[in-house]
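The values are calculated or read from the model by the stated rules, or taken from the named source; none is laboratory data. Keep in mind the model is a prediction, meaning the values are calculated, not measured. Ideal geometry is used to build each Cβ from the backbone, glycine not excepted, and the neighbour counts take in all protein chains shown. What goes into the accessible areas is simple: the full protein's heavy atoms, side chains included, and nothing from ligands, DNA or RNA. Shrake-Rupley method; radii C 1.70, N 1.55, O 1.52, S 1.80 Å.
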Amino acid sequence: MSHDRQYLEKLQDYYARYHVLPSYAAMGELLGLKSKSSVAALIDRLKEAGFIETTPGRRLAPTASFFGREVAASPVRAGLPQAVEAGGGEVVTLDSYLIEKPSRTVLIRVRGDSMNDAGILDGDLAVVECTPSAKRGDIIVAIVDDEFTLKRLELERGRFVLKPENKAFPVIRPQGTLEIFGVMVGLVRKTH
């Protein structure tokens, strides 16, 4: 039981690489478990803990908890250094943290640097909740004159405009239609 966390971590790494959980035999080999009964007991404990489940086709599959990541008990300062507790925090899955309405949420890759001053960089993934309405100040994906763009929705002289967050770019004042595709609710960035 004391090694279950290490076993789970190895299974998470395996799943990240192959997008499937290993068979019982492969799991025993991967984890260094000598007997099928040891593998079966581990699987039972991981099911009991809510990390894996058996599909209707009798295959092992990860649950949402399998993808959870522990949040440190203390936040880390972006200013002066401060001691931080490594563990003991809540467990969060990125999907549950970023996405409230899965059926209406898409990830859109950002291209360009017109939103740099809002911290949205080229290559980021914008988490966008598809909705036909937004409020002033929201960062939205808009369809303006039949083209998509990511900008901040603002009001100017009673008309909606799309404001970039980079002074090198002009405010977009739609000449024709302005349609709201969705509102950005989160951002994902890989740093390496």
Test: residue 43 is more than 30 Å from residue 181 (Cβ to Cβ), modelled with pLDDT of 90 or more, of a type in the set (A, V, I, L, M, F, W, C) and touching a strand residue (DSSP E or B) at 6+ places or on another chain (Cβ under 6 Å): no
Here the residues within region 124-144 that are free of Cβ contacts under 8 Å to residues at least 60 places away in the same chain and part of a strand (DSSP E or B) are 128, 129, 130, 139, 140, 141, 142, 143, 144
Please work out if residue 136 is over 25 Å from residue 69 (Cα atoms), modelled with pLDDT of 95 or more and surrounded by fewer than 11 Cβ atoms within 10 Å (Cβ to Cβ). yes
With the requirement that a residue be without any contact (Cβ under 8 Å) to a residue 24 or more places away in the chain, open to solvent by 40 Å² or more (accessible area, probe 1.4 Å) and either in a helix (DSSP H, G or I) or farther than 17 Å from residue 192 by Cα (or both), what does region 98-123 give you? 102, 103, 111
Please go through region 180-192 and pick out each residue that is surrounded by 11 or more Cβ atoms within 10 Å (Cβ to Cβ) and outside any strand (DSSP E or B). 189
Residues that are in a strand (DSSP E or B) and either open to solvent by less than 30 Å² (accessible area, probe 1.4 Å) or closer than 19 Å to residue 119 by Cα (or both), drawn from region 145-179: 149, 150, 151, 152, 153, 154, 161, 162, 163
Pick from region 64-92, criterion at pLDDT 75 or above and not acidic (Asp, Glu), ranking: most open to solvent (accessible area, probe 1.4 Å): 69
Do you know which residues across region 41-53 are under 30 Å from the mean Cα position of the chain (by Cα), surrounded by fewer than 17 Cβ atoms within 10 Å (Cβ to Cβ) and either in a helix (DSSP H, G or I) or hydrophobic (A, V, I, L, M, F, W, C) (or both)? 44, 45, 47, 48, 49
Filtered residues of region 6-24 (kept if assigned to a helix (DSSP H, G or I), open to solvent by 50 Å² or more (accessible area, probe 1.4 Å) and not hydroxyl-bearing (Ser, Thr, Tyr)): 6, 9, 10, 13, 16, 17
Scanning region 26-40 residue by residue, those more than 32 Å from the chain's Cα centre (by Cα) and among the hydrophobic types (A, V, I, L, M, F, W, C) turn out to be 33
